[in-house]
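Q: First, the structure itself, so that you have it in front of you.
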Amino acid sequence: MLFDFDGPICRLFAGHLAEDVAKDLVEWLARQGLKGLLTEAERKHPDPMAVLHAVNLRHPGSDLVTELEERLTQQELKAVDSAMPTAFADPVIRTWSAVGARLAIATNNSARTATGYLAQRGLAGCFTPHVYGRTQDLEHLKPHPHCLNQALNAMGAAPSAALMIGDAPSDLYAAQRAGVPFLGYARNGDKEQELRKAGAKDVVGSLEPVLRVLRGQA
Ligand SMILES: [Mg+2]
């Protein structure tokens with residue numbers, strides 16, 4: 001079982017907070033005298049990952065990218081305490097783990113962030129040591145299947161016998177490229193539209209039916 005982290009397991013940033021983090025990264029760049037590195041639109045982008053990508057595009061693999069990635073990780077770690085658990089995620093994780101499935105996280109967030117959150121919820125033991133997150137090689141972020149392949153290899157699992165639960169088209173594409181079946185989790189209609197437009201066949205609006213199936217009450 002491969003889980004994306006932000007979405008299926010919790011909401012790391014509520015909407016406005018993600019924007020604040022993106023702004024923080026942009027302001028940090030400006031303090032380094034690098035305001036001109038980003039376009040006007042990139043400077044206003046609400047997604048911190050987009051800022052990181054934009055910088056990586058211009059200075060791939062540079063120290064600047066490393067520093068910016070670390071700054072994003074620090075912001076993610078700060079957000080762990082206020083992360084909103086996704087309904088039914090905790091019991092789904094515990095039940096799946098209890099029935100003997102092997103669980104992994106495959107996320108574009110820092111592995112430290114995911115591990116910190118899981119430890120706080122008492123769930124770390126369900127995943128240890130299979131938490132695969134962002135590295136400084138941003139080319140390997142989903143939709144690249146890198147973190148899924150890492151998880152499959154480490155667990156010795158056949159892709160076709162695994163299942164990826166994710167909430168974004170990039171999760172779907174990464175699963176397709178890894179040969180892993182995909183279940184979309186959409187917390188609202190817009191997210192569901194995005195997933196279906198990307199080609200996701202199976203999308204749930206809640207993890208409750210997943211829990212029911214696991215408990216044999218379907
Ligand atoms: Mg996600």
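Throughout, read-outs are computed from the coordinates displayed, never taken from laboratory work. The structure presented is a predicted model; accordingly, all values stated were derived computationally and were not measured. Ideal geometry is used to build each Cβ from the backbone, glycine not excepted, and the neighbour counts take in all protein chains shown.
Q: Within 10 Å, count the other beta carbons around each residue, average over each peptide in 72-85, 172-185, 105-118, 25-38, and list them highest first.
A: Put in order of decreasing packing, that is 105-118, 172-185, 72-85, 25-38.
Q: Taking the DSSP beta bridges in the chain as the whole, what percent of them are antiparallel, to the nearest 5?
A: 15
Q: Show me, for region 85-94, the HN-Hα J-couplings you get by feeding each phi into the Karplus relation (A = 6.51, B = -1.76, C = 1.60, θ = phi - 60°), rounded to Hz, glycine and proline as x.
A: x, 6, 4, 6, 5, 4, x, 4, 5, 4
Q: Can you list residues whose amide H is under 5 Å from C10's amide H, if they're 5+ apart or on another chain and H is modeled 1.01 Å from N?
A: It is T86, by chain and number.
Q: Let me ask something else about it. What ³J(HN,Hα) values, in whole Hz, does the Karplus curve 6.51 cos²θ - 1.76 cosθ + 1.60 give for region 66-75 when θ = phi - 60°, with x put for Gly and Pro?
A: Karplus-based 3J(HN,Hα) across region 66-75 equals 4, 5, 5, 5, 5, 5, 5, 4, 4, 5 Hz.
Q: By average Cβ neighbour count within 10 Å, what is the ranking of 58-64, 196-202 from highest down?
A: 196-202, 58-64
Q: Pull up all non-local amide H partners of Y185: gap of 5 or more, or a different chain, and H-to-H distance under 5 Å with H placed in the peptide plane.
A: G166, D167, V204
Q: In whole Hz, what ³J(HN,Hα) sequence does region 164-178 give by Karplus (6.51, -1.76, 1.60; θ = phi - 60°), x for Gly and Pro?
A: 9, 10, x, 10, 9, x, 5, 5, 4, 4, 5, 5, 4, 5, 8
Q: Out of S206, S97, S160, any idea which swings most in a Gaussian network model of the chain, alpha carbons joined below 10 Å?
A: S160
Q: Please list the non-local residues whose amide H lies under 5 Å from the amide H of I105, H modeled 1.01 Å from N, same-chain partners needing a gap of 5 or more.
A: F3, V131, Y132
Q: Count the net charge of all other residues whose Cβ sits under 15 Å from the Cβ of E139, scoring Lys and Arg as +1 and Asp and Glu as -1.
A: That works out to +2.
Q: Ok, one more. Tally Lys/Arg at +1 and Asp/Glu at -1 over every other residue whose Cβ is under 14 Å from the Cβ of Q120; what's the total?
A: That works out to 0.
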